[in-house]
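These notes concern the structure reproduced below.
The numbers here are math on the coordinates, done by the rules we state, and not lab data. Just so it is clear, the model here is predicted, and its values are computed rather than measured. Note that we place each Cβ from the backbone using ideal geometry, even for glycine, and neighbour counts take in every protein chain shown.
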Amino acid sequence: MPVKKLPLLVANWKMNLSVKESVVLSKNLCEAYIKNKFQERLSLVLCPTFPALSGVAEVIKKKNVSLGAQDVFWKTQGPYTGEVSPRVLVEIGVEYVIIGHSERRQFLKETDAMIQQKLLASLSEGLKPILCVGETFAERQSGQKDLVIARQVSSALNGVVLTPESHLIIAYEPVWVIGSGQAVEPREASETALVIYQTMLDFFSPKALKSQVSIIYGGSVDPTNIHYFVGQGLLSGVLVGGASLEDKRFINLMNKL
Ligand code: PGA
């Protein structure tokens, strides 16, 4: 019997928490996760800041919770001062990696070409990339949204080949709603998921898309709106920033799934 894919809930803590705070938060979340049997309803991925990865890995061991990094470099080894190898992430227990988040595109000037290289390197090391795509407010206002999304997806997937073990997640994150407290209309998120799906058909078979690729939504998801974005159309999960930083609020959010 095929195993039903559970909704994916990714907590992106960005640079908001210290190592100690990340460890405490993951302990509290794991306790609630087990107590409420959340593992029967959702797959949880915690993405702390790099220096907290090992500490959080210790906490979540054998608890059915996965570890994600917020970025990665596109080479596995060599003279790249300050960068982090996908191989080293795997070594410390990381399973997922966020790639191309709009904050990195904006503040670190990450280009589509860099993002594509990161995606290729991550997949080849067995990581599950969470590729973020999304339009700015100006792009949306000028009617460019679908074009921008299709371009970001196509350029990132250029040259990507999925092996039977690969998993890929595409997160639709409209840049202008991130951290704003106001998510997009669920219908708009579903329609954009369709644009992403159709773009991916140029790269992967429908069968591979069904079993190995997920599309999720991110941008001001909170306990009051999460149900609009999970299991609606092609959307099968969420990427949560602000609402994942405080245990009670995030447990409340998990309870809504
Ligand atoms: P937000 O962030 O939930 O605070 O809007 C989402 C993200 O940037 O991944």
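May I ask you to derive the FRET efficiency for Glu191 and Lys63 from their Cβ-Cβ distance with R0 = 25 Å, giving the value to the nearest 0.05?
On the way: r = 36 Å, r/R0 = 1.45.
Plugging the Cβ-Cβ distance into 1/(1 + (r/R0)^6) gives 0.10.
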message: Could you check the spin-label model distance between Leu147 and Tyr80? Points 7 Å from the Cα along Cα→Cβ, value in nm.
response: 3.2 nm
query: Sequence-distant or interchain residues sharing an amide H contact under 5 Å with Ser66, placed H: which?
result: Leu44, Val45, Leu46
field: Tensor-based shape of the range 1-125 (alpha-carbon gyration tensor, a/c under 1.5 rounded, otherwise prolate or oblate)
entry: prolate
query: Per 10 Å bin, what is the whole-percent P(r) computed from every C-alpha pair distance within the range 8-255?
result: 7, 33, 39, 19, 2
Stokes-Einstein D in µm²/s, Kirkwood radius over Cα pairs - the range 116-217 at 37 °C with 0.692 mPa s viscosity: 233 µm²/s
- request: For Ile99, list long-range residues whose amide hydrogen, built 1.01 Å from N in the peptide plane, is under 5 Å from its own amide hydrogen.
  value: Ile130, Leu131, Cys132
- prompt: Counting only complete DSSP H runs, which helices of the chain cover 15 Å or more along their long axis at the Cα atoms and score a mean Kyte-Doolittle of 0.5 or above?
  reply: 145-157
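My understanding is that a pair violates if its Cα-Cα distance is over 24 Å; which of Lys5/Lys63; Lys62/Lys210; Lys128/Lys207; Lys63/Lys256; Lys27/Lys118; Lys5/Lys61 do that in this structure?
The pairs that break the limit, which is 24 Å between Cα atoms, are Lys62/Lys210; Lys27/Lys118.
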field: Ser205/Val19 FRET efficiency (R0 30 Å; Cβ-Cβ; nearest 0.05)
entry: 0.10
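Run the helix sum for the chain: -39,500 (n - 2.57) per DSSP H stretch of 4+ residues, divided by residue count, reported at 222 nm to the nearest 500 deg cm²/dmol.
Calculated at 222 nm, the ellipticity per residue is -11500 deg cm²/dmol.
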The range 8-255: relative contact order as a whole-number percent, Cα under 8 Å and 6+ apart: 19 percent
Options Tyr80, Ser122, Ser43, ranked by Cα towards positive dipole end of the range 19-132, top entry (Cβ charges): Ser43
